[in-house]
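S.K.: One structure, pasted below without further comment.
The values are calculated or read from the model by the stated rules, or taken from the named source; none is laboratory data. Being a predicted model, the structure only gives us computed values, none of them experimental. Positions of Cβ are backbone-derived with ideal geometry, glycine not excepted, and every protein chain shown enters the neighbour counts. Calculation scope for accessible area: heavy atoms of the full protein, side chains included, ligands and nucleic acids excluded. Shrake-Rupley method; radii C 1.70, N 1.55, O 1.52, S 1.80 Å.
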Protein chains: 2
Amino acid sequence: MSIKHQQLINYLECAVSLPEETQEIIRECFMLRRFKKGQYILNEGEFCRYNNFVLQGAFRMFIVDENFKEHNLQFAFNNWWIGDPKSFFNDVTTRLNIQCFENAEVLSVTKANQEKMLESCPELNSLFREKFRNSMIRSYDRILSLIGSNAQSRYKDFLETYPQYLHRLPNQYIASYIGVTPEFFSKLKKEYWQQSKAS
Amino acid sequence: MSIKHQQLINYLECAVSLPEETQEIIRECFMLRRFKKGQYILNEGEFCRYNNFVLQGAFRMFIVDENFKEHNLQFAFNNWWIGDPKSFFNDVTTRLNIQCFENAEVLSVTKANQEKMLESCPELNSLFREKFRNSMIRSYDRILSLIGSNAQSRYKDFLETYPQYLHRLPNQYIASYIGVTPEFFSKLKKEYWQQSKAS
DNA sequence: TGCCCTTCTTAACCTACTTCAAGGTACTGA
DNA sequence: TCAGTACCTTGAAGTAGGTTAAGAAGGGCA
């Protein structure tokens, strides 16, 4: 009876109460994996076989463009899910990379096992649907901000949206997330703090 | 028994077979609405009360930024769904506008009625989940292309992804969708066709 | 047929952001 | 304690894409 799995069960039980049978399935189906800082858990060109629930640590998901530049798409910390849904659900190879940047523990589940869990507890379906919806809404907001606003206000948005993770994120990762170079990000920050001091 | 609703039922039955009872609910719950070219079916600041299935015609969804510039996020043609999921599901006001740009007929459903339909036919849940997933994957791809590539290759991607709709879309709408001004889009096109002629 | 109105294109100039290069700062480990 | 390395900042020069303004090219309609 792993204490690790209990963290996932507690997380799920915030939304629905899980029958003992489902809890058992979760303990069987979710595999505990550990990663060291720097390690990749998914590489471009592979199939994404696992959906991952982060117990502790931190991950970033990024693409590498034709000039070998990295672009961060998403981060994941405690109690977040991370994986490439496109590759996971559609059995295609991924364009994404996922790298651990703080030593981490995750619980990983295959597609078959995830379906097994959802079948055993239909209430979880609505939870997962909601997670999906939220994640879709977040990516919609992301598109809006990439299309409709400049770097300065994307930086402001980031500060407002993720204040609690700022200190765990290297500047270069944030720069890449909001879509500018580290050099320009440096200037953005300076400008921003000068302005907010003035007002 | 509206022939209009039959189009929706046919569309759904490509994936799941619907019991007569569910078909009846669909006929009752989906409201037929008609729009003329130019008309708005959703305005920034309103609540998105309806999820809309497009029978015929064409729509675009866009935001207006602080400089009153429009940015197209998505289009919708026959047999597509359109609405703002964030506003629809979370009962918040929307930042989006949806405008008809070819005379159109849609079937609209409220959140309560959509839930009623899903309850009556649980198989539809997985269909809707899949639609969500696809729509999430599409927006993910959109972020990837906005972040990871320049305007020229976003234009190429658009040509490859939506060849069948090109002739129904004014250049300025495509320009806005890929995230450039109409003027710059003009240059892109010229450059693209010169290159492809040369090779 | 011709006119108005919207859309598209072209060109000159402008700016937000990138690139490149250099120096500063701060962990990390022997 | 010191060196090595990764990270952050600064500045100068370059570029992708925006702005403005004007003309060209359709397309609906009298």
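S.K.: Quick one: in the stretch B:1-14, of everything that is aliphatic (A, V, I, L, M) and open to solvent by 50 Å² or more (accessible area, probe 1.4 Å), which residue is modelled with the highest pLDDT? Lay out the reasoning, then the answer.
M.R.: Going residue by residue through the stretch B:1-14, those that are aliphatic (A, V, I, L, M) are B:1, B:3, B:8-9, B:12.
Right, trim to open to solvent by 50 Å² or more (accessible area, probe 1.4 Å) and you get B:1, B:3.
Values: B:MET1: 58, B:ILE3: 91.
Among those residues, the one meeting the criterion is B:ILE3.
S.K.: If you go through the stretch B:116-129 one residue at a time, do you hit one that is at the interface with another protein chain (Cβ under 10 Å from one of its Cβ atoms) and under 30 Å from B:PHE185 (Cβ atoms)?
M.R.: Scanning the stretch B:116-129, I find no residue that is at the interface with another protein chain (Cβ under 10 Å from one of its Cβ atoms) and under 30 Å from B:PHE185 (Cβ atoms), so the answer is no.
S.K.: While we're looking at this one, here's another question. Collect the residues in the stretch A:134-152 that are more than 19 Å from B:LEU144 (Cβ to Cβ), part of a helix (DSSP H, G or I) and open to solvent by 40 Å² or more (accessible area, probe 1.4 Å), keeping them in residue-number order.
M.R.: Matches in the stretch A:134-152: A:ASN134 only.
S.K.: Now, a different point. Out of the residues in the stretch B:66-106 that are among the acidic types (Asp, Glu) and open to solvent by less than 40 Å² (accessible area, probe 1.4 Å), state the one that is farthest from DNA strand D (Cβ to nearest atom). Steps first, answer last, please.
M.R.: The initial filter retains those residues of the stretch B:66-106 that are among the acidic types (Asp, Glu), namely B:66, B:70, B:84, B:91, B:102, B:105.
Now restrict to residues that are open to solvent by less than 40 Å² (accessible area, probe 1.4 Å): B:84, B:105.
Values: B:ASP84: 24, B:GLU105: 20 Å.
Here the answer is B:ASP84.
S.K.: Let me ask something else. On the basis of being at pLDDT below 95 and open to solvent by 10 Å² or more (accessible area, probe 1.4 Å), does A:ASN51 make the cut? Lay out the reasoning, then the answer.
M.R.: Details: at pLDDT below 95: no; open to solvent by 10 Å² or more (accessible area, probe 1.4 Å): yes.
In short, no.
S.K.: Residue check: is B:SER186 closer than 30 Å to A:VAL180 by Cα and surrounded by 15 or more Cβ atoms within 10 Å (Cβ to Cβ)?
M.R.: On the way: closer than 30 Å to A:VAL180 by Cα: yes; surrounded by 15 or more Cβ atoms within 10 Å (Cβ to Cβ): no.
When the stated conditions are applied, B:SER186 does not pass them.
S.K.: Another question, if that's okay. Taking the condition touching a Phe, Trp or Tyr at 6+ places or on another chain (Cβ under 8 Å), β-branched (Val, Ile, Thr), touching a residue at least 12 places away in the same chain (Cβ under 8 Å) and within 11 Å of DNA strand C (Cβ to nearest atom), does B:ILE178 pass? Step through it out loud before you land on a result.
M.R.: Values: touching a Phe, Trp or Tyr at 6+ places or on another chain (Cβ under 8 Å): yes; β-branched (Val, Ile, Thr): yes; touching a residue at least 12 places away in the same chain (Cβ under 8 Å): yes; within 11 Å of DNA strand C (Cβ to nearest atom): no.
No, not satisfied.
S.K.: Moving on to the next point. Which condition breaks for B:LEU127 when tested against (1) more than 14 Å from DNA strand C (Cβ to nearest atom); (2) closer than 22 Å to A:SER149 by Cα?
M.R.: The one condition B:LEU127 does not meet is (2).
S.K.: Right, something else. Taking the stated definitions as given, is A:TYR165 closer than 21 Å to A:TRP81 by Cα, more than 12 Å from chain B (Cβ to nearest Cβ), part of a helix (DSSP H, G or I) and not small (Gly, Ala, Ser)?
M.R.: Working: closer than 21 Å to A:TRP81 by Cα: yes; more than 12 Å from chain B (Cβ to nearest Cβ): yes; part of a helix (DSSP H, G or I): yes; not small (Gly, Ala, Ser): yes.
When the stated conditions are applied, A:TYR165 passes them.
S.K.: Follow-up question, since we're still on this one. If you check A:ALA58 against the conditions, is it in contact (Cβ under 8 Å) with a residue 60 or more places away in the chain, under 25 Å from A:ILE178 (Cβ atoms), open to solvent by less than 10 Å² (accessible area, probe 1.4 Å) and aliphatic (A, V, I, L, M)? Walk me through how you get there before you give the answer.
M.R.: Numbers: in contact (Cβ under 8 Å) with a residue 60 or more places away in the chain: yes; under 25 Å from A:ILE178 (Cβ atoms): yes; open to solvent by less than 10 Å² (accessible area, probe 1.4 Å): yes; aliphatic (A, V, I, L, M): yes.
It is true that A:ALA58 is in contact (Cβ under 8 Å) with a residue 60 or more places away in the chain, under 25 Å from A:ILE178 (Cβ atoms), open to solvent by less than 10 Å² (accessible area, probe 1.4 Å) and aliphatic (A, V, I, L, M).
S.K.: Quick check on B:ILE174: is it of a type in the set (A, V, I, L, M, F, W, C), open to solvent by less than 30 Å² (accessible area, probe 1.4 Å) and under 17 Å from A:ARG95 (Cβ atoms)?
M.R.: no
S.K.: Answer with yes or no whether A:TYR155 is more than 12 Å from DNA strand C (Cβ to nearest atom), at pLDDT 95 or above, surrounded by 17 or more Cβ atoms within 10 Å (Cβ to Cβ) and part of a helix (DSSP H, G or I). Before the answer, list the steps.
M.R.: Numbers: more than 12 Å from DNA strand C (Cβ to nearest atom): no; at pLDDT 95 or above: yes; surrounded by 17 or more Cβ atoms within 10 Å (Cβ to Cβ): yes; part of a helix (DSSP H, G or I): yes.
Considered against the rule, which asks whether it is more than 12 Å from DNA strand C (Cβ to nearest atom), at pLDDT 95 or above, surrounded by 17 or more Cβ atoms within 10 Å (Cβ to Cβ) and part of a helix (DSSP H, G or I), A:TYR155 comes out as no.
S.K.: Let me ask something else about it. Give the residues of the stretch B:15-31 that are loosely packed, with under 13 Cβ neighbours inside 10 Å and under 24 Å from the mean Cα position of the chain (by Cα), sorted by residue number.
M.R.: Initial filter on the stretch B:15-31 (loosely packed, with under 13 Cβ neighbours inside 10 Å): B:17, B:19-21, B:28.
Within the stretch B:15-31, just B:GLU28 meets the criteria.
S.K.: While we're here: Check whether at least one residue in the stretch A:148-158 is away from chain B (no Cβ under 13 Å) and within 16 Å of DNA strand D (Cβ to nearest atom), and report yes or no.
M.R.: yes
S.K.: Moving to a separate point now. Let me spell it out: the conditions are (1) crowded, with 18+ Cβ neighbours inside 10 Å; (2) within 14 Å of chain A (Cβ to nearest Cβ); (3) β-branched (Val, Ile, Thr), and B:VAL109 meets all of them except one. Which number is the exception?
M.R.: Here B:VAL109 clears every test but (2).
S.K.: Here is a list: B:LYS131, B:LYS116. Which entry is touching a residue at least 40 places away in the same chain (Cβ under 8 Å), loosely packed, with under 15 Cβ neighbours inside 10 Å and part of a helix (DSSP H, G or I)?
M.R.: Values: B:LYS116 fails: loosely packed, with under 15 Cβ neighbours inside 10 Å.
Of B:LYS131, B:LYS116, the one residue that is touching a residue at least 40 places away in the same chain (Cβ under 8 Å), loosely packed, with under 15 Cβ neighbours inside 10 Å and part of a helix (DSSP H, G or I) is B:LYS131.
S.K.: Look through B:GLU105, B:GLU70 and report the one residue that is of a type in the set (Asp, Glu), farther than 24 Å from B:TYR11 by Cβ and touching a residue at least 24 places away in the same chain (Cβ under 8 Å).
M.R.: Values: B:GLU105 fails: farther than 24 Å from B:TYR11 by Cβ.
Going through B:GLU105, B:GLU70 in turn, the sole match is B:GLU70.
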